[in-house]
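Undergrad: First, the structure itself, so that you have it in front of you.
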Amino acid sequence: MILKRQFITDTAGNPIGVILPLEEYALVREILERRSEPPSEADQLDRMGQAVHDPLFMADLQETMSAFAKTDAEWWEPTE
């Protein structure tokens, strides 16, 4: 019997996972095990600190803040 990769799809038919034969899994196991470790709190804080130096992040942030400025003012600021 020859085992092949089997793709797992969601209800819309989009691939969301794969079942690998053990031989193929052995080839990528080390990479998968390294990736599965969630970043530490210190790493997450470091990434947040680096975000202010990322021009694309800052442009997206500014665009989002501008888009919600009126809504935020209406919601949080009392009308007198």
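Undergrad: Got at least one residue in segment 28-50 being more than 30 Å from Val18 (Cβ to Cβ), touching a Phe, Trp or Tyr at 6+ places or on another chain (Cβ under 8 Å), part of a helix (DSSP H, G or I) and outside the structural domain of Val18 (by TED's automatic domain parsing)? It would help to see each step written out before you state the result.
TA: Step one: filter segment 28-50 for residues more than 30 Å from Val18 (Cβ to Cβ), giving 41-42, 45-46, 48-50.
Restricting the remaining residues to those that are touching a Phe, Trp or Tyr at 6+ places or on another chain (Cβ under 8 Å) gives none.
No, every residue in segment 28-50 fails to be more than 30 Å from Val18 (Cβ to Cβ), touching a Phe, Trp or Tyr at 6+ places or on another chain (Cβ under 8 Å), part of a helix (DSSP H, G or I) and outside the structural domain of Val18 (by TED's automatic domain parsing).
Undergrad: Six or more apart or on different chains, Cβ under 6 Å: which pairs go from a residue in segment 1-12 that's more than 20 Å from Tyr25 (Cβ to Cβ) to one that's modelled with pLDDT of 90 or more and β-branched (Val, Ile, Thr)? Could you list them?
TA: Here the result reads Asp10/Ile16, each pair linking segment 1-12 to a residue that is modelled with pLDDT of 90 or more and β-branched (Val, Ile, Thr).
Undergrad: In segment 1-48, which residues are over 21 Å from the mean Cα position of the chain (by Cα), of a type in the set (A, V, I, L, M) and modelled with pLDDT under 90?
TA: Met1, Ile2, Leu3
Undergrad: With the requirement that a residue be assigned to a helix (DSSP H, G or I) and either loosely packed, with under 10 Cβ neighbours inside 10 Å or basic (Lys, Arg) (or both), what does segment 51-62 give you? If you could, list the steps in order and put the result at the bottom.
TA: At the first step, the residues of segment 51-62 found to be assigned to a helix (DSSP H, G or I) are 51, 55-62.
Selection gives Pro55, Leu56.
Undergrad: For segment 33-57, which positions are in contact with a helix residue (DSSP H, G or I) (Cβ under 8 Å, 6 or more places away or on another chain) and among the hydrophobic types (A, V, I, L, M, F, W, C)?
TA: If the condition is that a residue be in contact with a helix residue (DSSP H, G or I) (Cβ under 8 Å, 6 or more places away or on another chain) and among the hydrophobic types (A, V, I, L, M, F, W, C), then Ala51, Val52, Phe57 are the ones that fit.
Undergrad: Report, by residue number, each residue of segment 33-50 that is surrounded by 10 or more Cβ atoms within 10 Å (Cβ to Cβ) and either aliphatic (A, V, I, L, M) or touching a residue at least 12 places away in the same chain (Cβ under 8 Å) (or both).
TA: The answer is Leu45, and nothing else.
The values are calculated or read from the model by the stated rules, or taken from the named source; none is laboratory data. What you see is a predicted model; the values in this text were computed from it and never measured. Quick reminder, even Gly has a Cβ in these numbers, built from the backbone with ideal geometry, and neighbours come from all protein chains shown.
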